[in-house]
Amino acid sequence: MIIGIVGGGQLARMMALAGIPLGMRFIFLDPAEDACAAPLGEHLCGHYDNTELLSTMADKADVVTYEFENVPESAITFLADKVDVYPAAQALATARDRIHEKRVFQDLGISTVPFAPVGSFDELQDAVRSIGLPAILKTRTMGYDGKGQFVLRHSDDLESAWNQLGDAPLILEGFANFRREISVISVRGRDGEMRFYPLSENHHRDGILHTAHSLPDDPEQSQAEDYARRIMEKLDYVGVMALELFDTGDKLLANEMAPRVHNSGHWTIEGAVTSQFENHLRAVLGLPLGSTKAKGYATMVNLIGTIPDTSQLLSEAGIHLHSYSKKPYPGRKVGHATVWSASKPTRQKFALNL
Ligand SMILES: Nc1ncnc2c1ncn2[C@@H]1O[C@H](COP(=O)(O)OP(=O)(O)O)[C@@H](O)[C@H]1O
Ligand SMILES: [Mg+2]
């Protein structure tokens, strides 16, 4: 089986690391010559809209998937004419636009923060009047790791927020006063079977995910699964999907979905029977899904900007290091480490100094 992946970053790399033992082979499309997945398969080096390379991928691959939601829609349509692509274009189109995504949530009876599309300074003022402050102004598309966002606290902030972001279509969101941020990683097979991983509790630093704890037996599990189930059924979804949620203590608000494997699910490599990467591949290939049950307790910490001293890291019991072999620079995700333990750990013990 040959799997084509649009994108050759760490998510593609970890999919390949999960699929190679199952006898799968990989072909990646990525413009970066040093794409970190490249050593694990064939690398088509070029832009995502390069139709010659897309055709090569479609010819060679049995199925195509992608590792990020900002793949040009035209690339997916082009591929889908020639080869099976999962998750399908409908899921990608929903996830890439924050307004579209939140409308789908609302239509499914899934709670969100109040929001409004913003296309002009007047509309921004109107939206602030109806939603109130604090609020967050975000670009509708292309945002990741907290990029393209501006927190509005006072009415004087509107002008600088508009100057910074006003060139792109925007969304204004009410500010969620959450107790914690969680996510549910789910998988749906080609036959419609669905499985759900235990929740992750997520902590961000400077808008970038820093730590994710697995939460076996969390009281919000069934509510989160119910939301994810509704979305996957509606979109006839195939593959792994992540749903980010704000837990207000009162209810769960859906923040955003990702139509792919997700950083908050990296702990599943050591902390679940089948990792999110393997289950994504199983799903898109139409193979039986693997168990999503937790194995013990896991905490993942992202390594951002630099890989700390490896010998020191590896001297900690129960630690698993994943270096992505990426050139380090500030703010770049260059790896992650997962601490695993069989019994429920205290949070102090998990306070990795990273
Ligand atoms: N409406 C909101 N209220 C409160 N915090 C928010 C809101 N939207 C985003 N955030 C914070 O910013 C982080 C990144 O925002 P998110 O919408 O998930 O964008 P990204 O695509 O960059 O992950 C969230 O995980 C959360 O911590
Ligand atoms: Mg997010």
Just checking, which of Ala212, Ala242, Ala254 is free of Cβ contacts under 8 Å to residues at least 60 places away in the same chain and within 16 Å of ligand 2 (Cβ to nearest atom)? Ala242
Would it be correct to say that Ile110 is part of a loop (DSSP other than H, G, I, E, B), touching a residue at least 12 places away in the same chain (Cβ under 8 Å), more than 18 Å from Ala12 (Cβ to Cβ) and open to solvent by less than 40 Å² (accessible area, probe 1.4 Å)? yes
For region 120-135, does any single residue satisfy the condition of being open to solvent by 20 Å² or more (accessible area, probe 1.4 Å), modelled with pLDDT of 95 or more and on the phi > 0 side of the Ramachandran plot? yes
Residues of region 140-173 being touching a helix residue (DSSP H, G or I) at 6+ places or on another chain (Cβ under 7 Å) and either within 13 Å of ligand 2 (Cβ to nearest atom) or open to solvent by less than 10 Å² (accessible area, probe 1.4 Å) (or both), in sequence order, are Gly148, Leu152, Ile171, Leu172
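Restricting to region 74-88, count the residues that are touching a Phe, Trp or Tyr at 6+ places or on another chain (Cβ under 7 Å) and open to solvent by 40 Å² or more (accessible area, probe 1.4 Å).
0
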Mind checking whether some residue in region 260-270 is among the basic types (Lys, Arg) and modelled with pLDDT under 95? no
Please verify whether Arg129 is within 16 Å of ligand 2 (Cβ to nearest atom) and of a type in the set (D, E, K, R), treating the condition exactly as stated. no
Going by what's in this entry, would Thr346 be described as in a loop (DSSP other than H, G, I, E, B), at pLDDT below 95, exposed (fewer than 11 other Cβ atoms within 10 Å of the Cβ) and of a type outside the set (D, E, K, R)? yes
Within region 258-265, does at least one residue satisfy the condition of being under 25 Å from Ile76 (Cβ atoms) and of a type in the set (A, V, I, L, M, F, W, C)? yes
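Could you list, in sequence order, all residues of region 204-259 that are among the small types (Gly, Ala, Ser) and out of contact with any Pro (no Cβ under 8 Å at 6 or more places or on another chain)? Let's see the steps before the verdict.
Looking only at region 204-259, we keep the residues that are among the small types (Gly, Ala, Ser), and these are 207, 212, 214, 222, 224, 228, 239, 242, 249, 254, 258.
Matches in region 204-259: Gly207, Ala212, Ser222, Ala224, Ala228, Ala242, Gly249, Ala254, Ala258.
Got at least one residue in region 287-297 being of a type outside the set (S, T, N, Q), within 15 Å of ligand 1 (Cβ to nearest atom) and open to solvent by 20 Å² or more (accessible area, probe 1.4 Å)?
No, region 287-297 contains no residue that is of a type outside the set (S, T, N, Q), within 15 Å of ligand 1 (Cβ to nearest atom) and open to solvent by 20 Å² or more (accessible area, probe 1.4 Å).
The values are calculated or read from the model by the stated rules, or taken from the named source; none is laboratory data. Only a predicted model underlies this, so the values are computations on that prediction, with no experimental measurement involved. Glycine also receives a Cβ, built like all others from the backbone with ideal geometry; neighbour counts cover every protein chain displayed. Heavy atoms of the whole protein, side chains included, go into the accessibility calculation; ligands, DNA and RNA do not. Shrake-Rupley method; radii C 1.70, N 1.55, O 1.52, S 1.80 Å.
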